[in-house]
Amino acid sequence: MLDCLQSLSLRTDMLSFPDKAVDVEKLVLGCPSLLKLHVEGRMEKLPEARLFPPQLAKLTLWGCRLLEDPMVTLEKLPNLKFLSGWEMFVGKKMVCSQNGFPQLKVLLLRGLPNLEEWTVENQAMPDLYRLDISDCNKLKTVPNGLRFVAGLRELENTWMPNSFKTRLGTAGEDYHKVQHVPSPLYF
């Protein structure tokens with residue numbers, strides 16, 4: 001038990017031990033005061049939301065390659081404000097449910113090679129300010145539900161197919177979903 005630990009970064013050597021999985025459940029149970037958690041390495045699954053420290057505000061998941069949609073669990077973390085994921089999920093469909101992510105301000109989705117469909121339900125991520133979608137080459141469009149995220153001020157798309165960027169442009173099919181965002185960035 002590390003009762004007072006507030007910030008933890010855990011990194012496994014993914015190249016030397018590609019089959020070794022990180023047991024995050026034991027980790028979060030042993031650190032009940034965590035505010036920031038950074039995990040690099042493959043995971044079998046995420047712990048249930050109730051097992052995470054309730055005050056966890058910043059979470060970074062790199063190379064986890066989860067098979068199940070992580071949003072089902074992560075959207076229930078009441079104080080999560082920053083979520084960054086690179087290769088955190090290898091599935092095809094992700095859903096952010098109604099009332100999910102009540103305090104999330106920044107969402108960075110990077111390197112989701114199989115993601116084809118992302119749904120954001122009405123009233124999900126009500127405080128989202130910045131969204132970065134990078135290197136998710138099978139994702140065809142942003143979720144329709146983003147049009148209801150009134151506080152979204154920054155939208156960045158890097159290493160995305162031209163067809164994705166075109167759909168978000170002022171003459172694109174999906175412009176109506178992001179027209180309220182004052183500073184969209186496309187690289």
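The values are calculated or read from the model by the stated rules, or taken from the named source; none is laboratory data. Here the structure is a predicted model, which is why all the values come from computation and not from measurement. As a convention, Cβ positions derive from the backbone with ideal geometry for all residues, glycine included, and neighbour counts pool all protein chains shown. Remember, those area values only see protein heavy atoms, side chains included, never the ligands or the DNA or RNA. Shrake-Rupley method; radii C 1.70, N 1.55, O 1.52, S 1.80 Å.
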In segment 95-112, how many are within 18 Å of ASN157 (Cα to Cα) and open to solvent by less than 40 Å² (accessible area, probe 1.4 Å)? 6
For residues that are open to solvent by 50 Å² or more (accessible area, probe 1.4 Å) and at pLDDT 95 or above, scanning just segment 33-49, find the one that is farthest from SER7 (Cα to Cα). GLU48
Which residues, taken from segment 6-27, are modelled with pLDDT of 80 or more and closer than 16 Å to THR60 by Cβ? GLN6, SER7, LEU8, SER9, LEU10, ARG11, VAL22, VAL24, LEU27
Of all residues being β-branched (Val, Ile, Thr) and open to solvent by less than 10 Å² (accessible area, probe 1.4 Å) in segment 121-150, which is nearest to PRO182 (Cα to Cα)? Just the residue, please. VAL149
Residues that are open to solvent by less than 20 Å² (accessible area, probe 1.4 Å) and at pLDDT below 95: does segment 50-66 have at least one? yes
Can you name every residue in segment 151-166 that is over 24 Å from GLY63 (Cβ atoms) and surrounded by fewer than 19 Cβ atoms within 10 Å (Cβ to Cβ)? GLY151, ARG153, GLU154, ASN162, SER163, LYS165, THR166
